[in-house]
1. Report the antiparallel proportion of the DSSP beta bridges in the chain as a percent, rounded to a multiple of 5.
2. Residue by residue through region 312-321, which ³J(HN,Hα) values in whole Hz follow from phi under the Karplus form 6.51 cos²θ - 1.76 cosθ + 1.60 (θ = phi - 60°), with glycine and proline marked x?
3. Just to confirm, what accessible area per residue do you get for region 400-585 at 1.4 Å probe, in whole Å²?
4. Summing -39500 (n - 2.57) over the DSSP H runs of n ≥ 4 in the chain and dividing by its residue number, what mean residue ellipticity at 222 nm do you reach, to the nearest 500 deg cm²/dmol?
5. What ratio of Cα Rg to 2.2 N^0.38 Å holds for region 400-585?
6. Rounded to the nearest 5, what % of the DSSP beta bridges within region 400-585 are antiparallel ones?
7. Could you pull out every residue, at least 5 positions away or on a different chain, whose amide H is within less than 5 Å of the one on Val114? Hs are placed 1.01 Å off N in the peptide plane, and Pro or chain starts have none.
8. Please turn the phi angles of region 293-303 into ³J(HN,Hα) values with the Karplus equation 6.51 cos²θ - 1.76 cosθ + 1.60 (θ = phi - 60°), one per residue in order, whole Hz, x for glycine and proline.
Amino acid sequence: MKKHFLSLFIMLLLLFTHTACISKAPAGKNTLKSVAGKTPEELLASMTLAEKVGQMTQAERGDLYKGDITEYALGSVLSGGGSTPAQNTPEGWVTMFNGFTEESLKTRLGIPVVYGLDAVHGHNNALNATILPHNVGLGAIAAGNQERGAQAAYTAGRITAEEMRATGARWTFAPVLGVAEDVRWGRTYESYSENVGIVTLMGANVIKGLQDNGVAACMKHFLGEGQAKDGRNQGNALLDRAGIERIFPPYRAAIEAGALSLMPSFSSVNGVKMHESKDLLTDLLKNEMGFEGFIVSDWAALTQLSGGNYKAQIANAINAGVDMVMATNGRDSWVNFIEHLQELVNEGKVPITRIDDAVLRILRFKQRIGLFDAPLTKKAGAIGVDANRAAARTLVAESLVLLRNENNAIAKLPSYKRILVAGQGAHDIGMQCGGWTITWQGKHGFITKGTTVLEGIQNAAKGKASITYAESGKVEGTFDAVIAVIGEDPYAETEGDRSNQINIRTRDMNMLREVYDYNCPVIVIMLSGRPMTIGDEYKKWEAFIAAWLPGSEGGGIADVLFGSKDFTGRTPYTWRKTINGEVLFPFGYGLTK
Ligand code: GLC
């Protein structure tokens with residue numbers, strides 16, 4: 001009897017370790033058994049230098065020939081933004097992941113490869129997945145109510161993880177923990193807020209939502225990306241120790257929440273590129289803060305480092321504390337990385353102890369995310385499921401910020417009989433999703449399944465009012481009110497940097513001039529990754545709502561416009577009339593009705 005009880009207990013224990021939850025780093029020596037039944041420490045002891053360096057190598061899926069993973073014992077493969085399997089379906093993803101994993105299992109030691117991708121607002125590379133509001137919108141929820149913000153962050157992490165796992169993915173390069181302090185920065189919408197407390201709260205809860213549901217997070221980009229001069233992406237931030245400590249809390253909370261990987265920023269601190277800052281990557285992050293996970297470099301970031309040539313740049317990055325290199329400027333970049341790093345070790349320019357530390361961190365990560373015990377995905381699951389879309393729609397509704405509401409305009413909307421909806425953004429899934437959606441930069445149009453702002457309004461007003469849609473705003477007729485949707489074209493990273501103002505697009509200004517002529521209340525909805533510089537234009541608007549980048553479920557906007565819900569979001573960024581100009585709406589501002 002006792003024997004059976006013991007085997008049942010062991011089975012339950014294994015079951016527990018198999019469950020989706022990613023265990024936080026167990027204190028002390030790792031006792032969980034790894035691939036081939038060894039601990040990471042035992043595995044490391046049996047690895048050759050070539051195998052160790054292979055583990056530290058991450059290649060883009062498009063830079064691989066069949067068999068490369070086995071021949072070079074590669075540790076990781078990634079999808080850059082929009083890099084998807086030929087068949088962009090859950091089955092297509094599973095087939096791709098399993099193909100790479102099976103190649104890694106054929107290596108001498110059979111260490112499974114780990115696959116990383118940017119699922120930053122849902123599994124956003126996957127066609128017809130649930131696309132969540134970008135972080136700026138989640139930050140607006142927290143700016144209104146911190147508890148609701150924490151719940152929203154956890155939900156976002158959970159939905160992202162569920163739909164990633166349905167395709168076999170288990171590691172996302174998210175969340176961004178940068179604190180955006182200049183809205184000209186093209187990655188402002190990837191940050192939750194200018195407020196460190198909100199970024200700290202949201203980052204930790206997204207990480208919990210991801211990791212409780214079987215996906216490993218990668219906190220990024222460490223650090224100071226939001227403090228670069230003039231909001232320039234990959235620029236330079238001037239930070240003394242106090243300045244660093246001011247923006248450190250999101251990382252401390254993320255480590256405490258169990259984050260097991262981290263990506264340095266392309267940007268520099270006091271003129272030193274983060275990817276070669278030993279002070280910050282090793283002395284502060286690993287030694288002082290006790291970060292036990294591993295550091296993966298950003299996209300071909302080593303080519304920006306000092307040293308004058310790739311081999312010297314590799315030495316600088318690895319000696320600074322980078323553990324895995326995203327070598328993604330072509331196939332040669334990862335092949336040469338493997339060759340150069342072995343040379344550097346043999347020449348004594350990179351200590352083997354540094355290599356061993358990096359490999360051990362990577363192996364422990366792989367073990368903790370369950371790769372050693374169950375490297376393959378048995379079958380694909382469902383994405384874009386109704387329950388997740390409904391939850392995302394609620395997040396959209398909660399993220400809306402009512403910035404102006406003259407003459408009780410919003411409350412009157414449901415009583416109107418003839419409503420004109422205008423603007424490209426009213427019926428454009430791509431515009432409401434923004435960057436990092438299906439493609440890296442995102443783009444206009446019906447790029448994936450979802451509900452547009454217009455469709456939400458049409459459904460809400462069905463049987464109560466006639467809804468006319470004119471993208472240009474130009475149409476014959478008289479109306480009780482106009483709902484005009486303006487916003488930004490989709491962009492990601494540096495493409496979103498602005499050296500000057502973030503003005504209303506000409507296309508939208510032309511539409512506004514058309515709708516002003518109907519001499520009825522104009523209610524403006526803005527789809528943007530940040531506060532746009534609207535000057536005094538808003539004074540012509542009866543009401544003004546910031547909807548940020550709501551994702552696929554844009555219909556959630558109508559749930560508040562025509563429903564009885566209050567507006568609960570508050571602006572997570574200071575809103576100025578012009579860049580560095582007069583404050584129009586302060587951080588945390590928003591009306592309830
Ligand atoms: C990009 C981004 C980073 C992303 C990585 C992989 O350049 O800076 O956030 O995770 O490359 O796509």
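The values are calculated or read from the model by the stated rules, or taken from the named source; none is laboratory data. Remember, predicted model here, so these are calculated numbers, not experimental data. Glycine also receives a Cβ, built like all others from the backbone with ideal geometry; neighbour counts cover every protein chain displayed. For the accessible areas, the whole protein counts, side chains as well, though only heavy atoms, and no ligand, DNA or RNA atoms are used. Shrake-Rupley method; radii C 1.70, N 1.55, O 1.52, S 1.80 Å.
1. Among the beta bridges of the chain, antiparallel pairing accounts for roughly 20 percent.
2. Each residue of region 312-321 in turn: 5, 5, 4, 4, 4, 5, 5, 5, 6, x Hz.
3. Accessible surface, normalised per residue, equals 36 Å².
4. -10500 deg cm²/dmol
5. Region 400-585 yields a ratio of 0.97.
6. Of those bridges, close to 25 percent are antiparallel.
7. Amide H neighbours of Val114: Ser76, Val77.
8. So the Karplus estimates, Gly and Pro as x, are x, 10, 9, 10, 6, 8, 3, 6, 5, 5, 5 Hz.
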